[in-house]
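Quick notes on the structure that follows.
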């Protein structure tokens, strides 16, 4: 089946493991790997020229007895193909989660994570970054909330601006906190974002091509925005007057983007039930959200939603829900909806780079568990899909500026990486 709209050509089809050749397909670099023992990657990033980085944590020892040590490691693949790994942090009797990594346009890498010691009243938010090819000493940027079974969307997140500024955002329990890192320097003092909801927001940072920063959260249908190249989130963009969940904001180009979410009540802690409802979307144009778009009937009870923006404006919104399968619809720059299409194989767009190349995935939650996750790139100019070199790729990410995608996956004792560029 085919969906056509200005600037977007989308073909939804089934891709099996047989489609993955032993050699890297055109556009993808030859896979490279580093030894990680029993650890798994938890974050990956890529920039426009093809520098990529991924990070992981590893715990050794007996956690129950308290005799254990946890470390954080980062591997960087340069645009020329050199791959190297470092252990940047290690502590006894500390648990780590919420690792995030970012790569600036010159290849500089920033990593942040959340660490907790037993009996400590709050988590510590740590960070380290490369400067002139060396890692700086890890330091505590701030403190975050301690909650049993903390949902992943409330962990620390990183984003890099076109001018190489780095933004770190996290949930401190009484609302979002942020810290900024200028190029070549460390993070400044963390501060609370005034005007943000006092309930946990789980802030997810992003930048557009102008250098404007955005903060969004899974449980809030609002977006906080700075002016280009500024640091104060003084502008509150109310996307919808009603509550929602599974809120996703995709930003590309100069103030262009697409937001998608489910209308309903969102839980802010693990174990509490959400109350989902129908699906909505809104186009971000020139830094402002347009009219509310209803994507599903009023009686719909969807349970997952994504939005992927097109550099030409608008994008593709997808959601999963009864009676089964996934539905996608194309939204034009002017907020015009193409007819929704049912997708039975669960292959949906999950990201797009700054050039409009789409990353597709059959991710868990969108498809039966028997089907492994996979990723492939559909180049913007057209042509055949280009699947990642080895299934199942566990993480894939696209650069918001330029054209590049990175994928990582595990094999016994190792983590592999491949970078796609046109």
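A short reminder: the numbers here are calculations on the coordinates, not readings from a lab. Computed from a predicted model, the values in this text were never measured in an experiment. Don't worry about glycine lacking a Cβ; one is built from the backbone with ideal geometry, like all the others, and counts go over all protein chains shown.
Considering only C-alpha atoms, what is the centroid distance from segment 33-103 to segment 105-146, in Å?
First find each Cα centre; the distance between them is then 12 Å.
Run the numbers for residue 342 and residue 243: contour at 0.36 nm per residue of separation, minus the present Cα-Cα distance, in nm.
33.0 nm
Figure the gain on full extension for residue 174 and residue 86 (residue separation times 0.36 nm, minus the Cα-Cα span) and round it to one decimal in nm.
Details: separation 88, 0.36 × 88 = 31.68 nm, distance 3.43 nm.
That pair, residue 174 and residue 86, stretches by 28.2 nm at full extension.
Starting from 0.36 nm per residue, how many nanometres of slack lie between residue 235 and residue 38 once their C-alpha separation is accounted for? Could you put the intermediate results ahead of the total?
Numbers: separation 197, 0.36 × 197 = 70.92 nm, distance 4.43 nm.
Length difference between fully extended and current span is 66.5 nm.
Note down the nm distance, to one decimal, between modelled labels 7 Å out along Cα→Cβ at residue 164 and at residue 93.
In this crude label model, residue 164 to residue 93 measures out at 4.1 nm.
So, in nm, how far is label residue 30 from label residue 65 when the simple model puts each one 7 Å beyond its Cα toward the Cβ?
It works out to 4.5 nm between the two label points.
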